[in-house]
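Chemist: Structure provided below as structure tokens; questions to follow.
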Amino acid sequence: MTDFTLSLAAMDILREQLGIETSAYPFEIPHNGVTPEQRAGIRTAVVADLERRGLAHRGKLSAEIEDALTTMAKRDAAIAMVGIDEGSSCARALVVSAGTRVYRIVQDDQLLRFDTPTGLVRGMVELLPDVKAGQGRSVTFAANEESNDALTAGTYLKRPRLRLGQLSVIDRLELTWFDTDVGRYISYAQNGWLTYAPADKTRIAALLQAAI
């Protein structure tokens, strides 16, 4: 597949054209135009742009765009990420799979960039900055519990943060990661228990794979 980009406005129009009503999380797709005439004008501009780039012909979407958007809506599995760096800029990405097809979508301002990574988990984890695991050990404790393990987790949370984000194996796992001055930590909740742990890309990949 040839990599391609779609504007947020194009995503709005094309999702409507394909009858897609599922959530676009983690992306926020604005509704463009108020009147039917305004929507029609935007649709004409979107199709003209796609045709100039060889991504549509006589109003019909290319197979690759239609398949990518359909896979987003009818996926077998998906991993979403929302991250914030020290400059408070927000990063959003989604990797979806259906059968043997895998698509990765990364937001770049008002554009969504589509490509095809080699795998669902790898496609997401390789987007993370290369940061070593933080200092310390993994601790697990009951929510609202006062314990030595909870105090240890507190020391991780007090470290100066460089960036943080959330990885979601949609409907299965919510994992928070945060990079500090001494490395990366993760946290997640399962069955009323909280876990905080130092983690590098390899450990994060293993947790995501287990959730899938």
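Chemist: Applying the selection to the stretch 133-150, what residues are touching a strand residue (DSSP E or B) at 6+ places or on another chain (Cβ under 9 Å), surrounded by fewer than 14 Cβ atoms within 10 Å (Cβ to Cβ) and farther than 21 Å from T202 by Cα?
Modeler: Within the stretch 133-150, A142, A143, E145, S147, N148 meet the criteria.
Chemist: Additional query: Which condition number does R43 fail, the rest of (1) within 24 Å of L164 (Cβ to Cβ); (2) crowded, with 17+ Cβ neighbours inside 10 Å; (3) not small (G, A, S) being met?
Modeler: Unmet condition: (1).
Chemist: What do you reckon, is D171 outside the structural domain of A78 (by the TED database), out of contact with any strand residue (DSSP E or B) (no Cβ under 8 Å at 6 or more places or on another chain) and of a type in the set (D, E)?
Modeler: For D171, the condition - outside the structural domain of A78 (by the TED database), out of contact with any strand residue (DSSP E or B) (no Cβ under 8 Å at 6 or more places or on another chain) and of a type in the set (D, E) - is met.
Chemist: One residue is enough: does the stretch 88-108 have a residue meeting the conditions in contact (Cβ under 8 Å) with a residue 40 or more places away in the chain, more than 20 Å from F4 (Cα to Cα), crowded, with 17+ Cβ neighbours inside 10 Å and small (G, A, S)?
Modeler: No, because not a single residue in the stretch 88-108 is in contact (Cβ under 8 Å) with a residue 40 or more places away in the chain, more than 20 Å from F4 (Cα to Cα), crowded, with 17+ Cβ neighbours inside 10 Å and small (G, A, S).
Chemist: Going through the stretch 111-127 one residue at a time, which ones are of a type outside the set (D, E, K, R) and more than 13 Å from G83 (Cβ to Cβ)?
Modeler: Across the stretch 111-127, the qualifying residues are L111, L112, F114, T116, P117, T118, G119, L120, V121, G123.
Chemist: Tell me, which residue of the stretch 1-28 that is hydrophobic (A, V, I, L, M, F, W, C) and surrounded by fewer than 17 Cβ atoms within 10 Å (Cβ to Cβ) is nearest to A48 (Cα to Cα)?
Modeler: Only one residue tops the list, namely L18.
Chemist: Being among the acidic types (D, E), under 16 Å from I84 (Cα atoms) and surrounded by 13 or more Cβ atoms within 10 Å (Cβ to Cβ) narrows it down to one of D179, D130, so name that one.
Modeler: Answer to the selection: D179.
The values are calculated or read from the model by the stated rules, or taken from the named source; none is laboratory data. This is a predicted model, so every value here is computed, not measured. All Cβ positions, even for glycine, are placed from backbone atoms using ideal geometry, and neighbour counts span all protein chains on display.
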